[in-house]
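The values are calculated or read from the model by the stated rules, or taken from the named source; none is laboratory data. Since the model is a prediction, treat every value here as computed from it, not as a measurement. Positions of Cβ are backbone-derived with ideal geometry, glycine not excepted, and every protein chain shown enters the neighbour counts. We work out accessible area using only protein heavy atoms, side chains counted, and drop any ligands, DNA or RNA first. Shrake-Rupley method; radii C 1.70, N 1.55, O 1.52, S 1.80 Å.
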Amino acid sequence: QVQLVESGGGLVQAGGSLRLSCAASGRTFSSYTMGWFRQAPGKAREFVAAISWSDGYTYYADSMKGRFTISRDNAKNTVYLQMNSLKPEDTAVYYCAATRTTYGNNRSQYPYWGQGTQVTVSS
């Protein structure tokens with residue numbers, strides 16, 4: 001079993017930026033694809049971004065592409081999500097997740113999850 005802990009969420013005005021972090025323990029971090037998902041109240045959890053374990057390739061949901069950037073620091077067992085040009089519709093609980101699957105953009109592909117961190121974007 002692996003443990004994932006998110007941090008960095010908070011309240012920000014529209015157009016602002018936040019940097020989320022996810023620290024992992026209890027596993028070989030570099031062998032896992034890491035992903036970010038988000039869930040707004042009353043809505044399904046949706047894919048945000050991921051970075052593959054095999055070659056570090058990054059991929060994003062269309063609505064996030066160009067605004068969000070995912071990265072990882074294997075030495076620190078940490079994955080990051082840099083969020084720029086935030087919009088009120090980005091308000092959600094953001095979760096990090098891990099999978100041995102090379103490519104993963106579906107919640108069902110990720111067996112390991114953090115507790116989530118809240119991001120609120122004001123108008």
Item checked: Karplus-derived HN-Hα couplings along the stretch 34-51 (A = 6.51, B = -1.76, C = 1.60, θ = phi - 60°), whole Hz, x at Gly and Pro -> 10, x, 10, 10, 9, 9, 8, x, x, 10, 6, 5, 10, 6, 10, 6, 8, 9
Checklist line | Spin-label model distance (nm) - SER7 vs GLN82, 7 Å beyond Cα toward Cβ | finding: 2.0
Checklist line | Qualifying lysines (Cα of each under 20 Å from Cα of LYS43; at least 8 residues distant if same chain) | finding: LYS87
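For the stretch 1-83, which semi-axes, largest first and in whole Å, follow from the square roots of 5 times the eigenvalues of its Cα gyration tensor?
Details: eigenvalues 94, 42, 35 Å².
After diagonalising the Cα gyration tensor, the semi-axes are 22, 14, 13 Å.
What does the accessible area per residue of the chain come to in Å², with a 1.4 Å probe and no ligands, DNA or RNA counted?
Working: 6180 Å² over 123 residues.
Per residue, the chain has 50 Å² of solvent-accessible surface.
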Notebook entry, point to check: Once amide H atoms are placed 1.01 Å from N in the peptide plane, what residues at a sequence separation of 5 or more from LYS87, or on another chain, have their amide H within under 5 Å of its amide H?
Noted result: GLY15
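Please report, as a whole percent, how much of the solvent-accessible surface of the chain comes from carbon and sulfur atoms (probe radius 1.4 Å). Walk me through the intermediate numbers first.
Values: 2750 of 6180 Å².
The computed percentage sits at 44.
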